[in-house]
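Just so you know, all these numbers are worked out from the coordinates, no wet-lab data involved. Because the structure is a prediction, the values reported are computed rather than measured. Note that we place each Cβ from the backbone using ideal geometry, even for glycine, and neighbour counts take in every protein chain shown.
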């Protein structure tokens, strides 16, 4: 396995007991989320070229994009901006699903390795795109609620860097420069 992720990552904050049930529900989630094929095509056409520079394999790129969009816009859950999720993945693992941090966090969203055992999974499942993104989004959503939607504080909890803004500033910078323009996709417009 390749080592990646920022050395400042201390994701042991993911040990919050409330996260266990949230993650158990997340990994058993449905795989399809696009209302129609046209919406899916628009999403892939818009985001694919941005991700192609980093993820060369077409099928893996489509899987990442589908999973990020589905998890970020999961019905019945707080909506996460898809661009923010892509920025977290960019900073955490540079889209390398085999990445392992110095703290032992694994995969695209750098989920801590104690979760699979606690949830009856194999540790190797953290390298699978769908399981990792589902768990990462559930963790990020949990911290967004805990921090009353303060993105910087939620990101600091996610990364285990509470009280510091280096990580959250880097994610927000990537979100607004590389992964912007996608966060309103799929939202219904209210006409008056």
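Residue separation times 0.36 nm, minus the C-alpha to C-alpha distance between residue 46 and residue 169: what's the value?
Extra length from residue 46 to residue 169 when fully extended: 41.8 nm.
For residue 58 paired with residue 38, estimate the spin-label separation in nm (one decimal), with each label point 7 Å from Cα along the Cα-to-Cβ line.
2.4
Between residue 98 and residue 180, 0.36 nm times their residue separation minus their Cα-Cα distance comes to what?
Contour length minus the Cα-Cα distance gives 27.0 nm.
What is the fewest-to-most order of 58, 152 by other Cβ atoms lying within 10 Å of their Cβ?
58, 152
Could you tell me the distance between the Cα centroids of the range 122-168 and the range 61-100, to the nearest Å?
What the calculation gives is 11 Å, centre to centre.
Return a whole-number percent for the relative contact order of the range 11-177, with Cα pairs under 8 Å and 6 or more residues apart as the contact set.
With pairs under 8 Å counted, the relative contact order is 26 percent.
Provide Rg over Rh for the range 45-192; use the alpha carbon set for both Rg and the Kirkwood Rh (inverse mean inverse pair distance). Could the numbers behind the result be given before it?
Details: Rg = 14.9 Å, Rh = 15.6 Å.
Checking Rg against Rh, the ratio lands at 0.95.
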